[in-house]
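The values are calculated or read from the model by the stated rules, or taken from the named source; none is laboratory data. What you are looking at is a predicted structure, and each value in this text was computed from that prediction instead of being measured. We place every Cβ from the backbone using ideal geometry, glycine too, and count neighbours over all the protein chains shown.
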Amino acid sequence: MFRIRKTIIFFNLFILIVLSACNHTTAEEEIYTYLEEAVRIESEFIAQQNKITNLEAEEQKIYNQIIDLGTDNKIDEVKKLAKEAIDNINKRSELIDMEKENMESSKEVFQKTEDYIEKIKDQDARKVAEKLYNKMEKRYSSYNELNKTYIVSLELETELYEMLQKQDLKQEDLTKQINKINKGYEKVLDANEKFNTYTIKYNELKREFYTLANIDVTYEEPTIDEEIDKKGN
């Protein structure tokens, strides 16, 4: 059985600093402001990603300890570990709830750009802004799917640890539950991959939009591999 929540790549992969100093704010600059505010909101949760990853690693260790113990004549030790695992799952569930609230706040800010897109005079810049908006909406939708699949996986894990506390647990039932969990995490990984793909494509469109809109920015951009190494797999 595996416990892997593949790294979610948030879209603040680069830092942007406006260098232009205009006397009035253009539609493009208003869009910039909301885009980067959405980035800032999501950035606040990135530190929590490590907590989720660490909790997953801890839960895997607990699971391995339970399997090493077996259930014969050691039910008290198994119950104790199973309760620790459920507590771990509850902590992850709380962090996931926080993450969802964070993404919803980001979405609320991002959607304010829609009113300004139609005001962009440059046709090429407006077309890219429209593509950017649609891509981000798909990204938020894909996150909702990722969130749902992860919550289901946590529920399946809780069921597993409740089962492990039963003295009359049959190996057949245990195997079925483990298979359910593994299939659930396959869905999590697939949903996460889709989310990450939308994130990368969105970043490319945002960079293109800033160029077409003549918004002078500087970029400080880590590679995707560096992001994954930093947050853990």
Over 18 Å from the mean Cα position of the chain (by Cα) and either outside any helix (DSSP H, G or I) or crowded, with 16+ Cβ neighbours inside 10 Å (or both): does that describe Tyr210?
yes
Could you identify the single residue in Glu101, Glu155, Glu130 that is under 22 Å from the mean Cα position of the chain (by Cα), at negative phi, surrounded by fewer than 18 Cβ atoms within 10 Å (Cβ to Cβ) and modelled with pLDDT of 95 or more?
Glu155
Give just the number: which of (1) of a type outside the set (Lys, Arg); (2) surrounded by 20 or more Cβ atoms within 10 Å (Cβ to Cβ); (3) at positive phi does Val39 not satisfy?
(3)
Right, Glu108: assigned to a helix (DSSP H, G or I) and either in contact (Cβ under 8 Å) with a residue 12 or more places away in the chain or buried (at least 19 other Cβ atoms within 10 Å of the Cβ) (or both) or not?
no
Every residue from the range 159-168 that is touching a helix residue (DSSP H, G or I) at 6+ places or on another chain (Cβ under 8 Å) and more than 14 Å from Leu81 (Cβ to Cβ):
Glu159, Gln167
Does Asn90 meet the test of being assigned to a helix (DSSP H, G or I), modelled with pLDDT of 95 or more, surrounded by fewer than 18 Cβ atoms within 10 Å (Cβ to Cβ) and at negative phi?
yes
Select from the range 172-205 the residues that are closer than 25 Å to Tyr161 by Cα and among the basic types (Lys, Arg) and write down the one among them that is nearest to the chain's Cα centre (by Cα).
Lys187
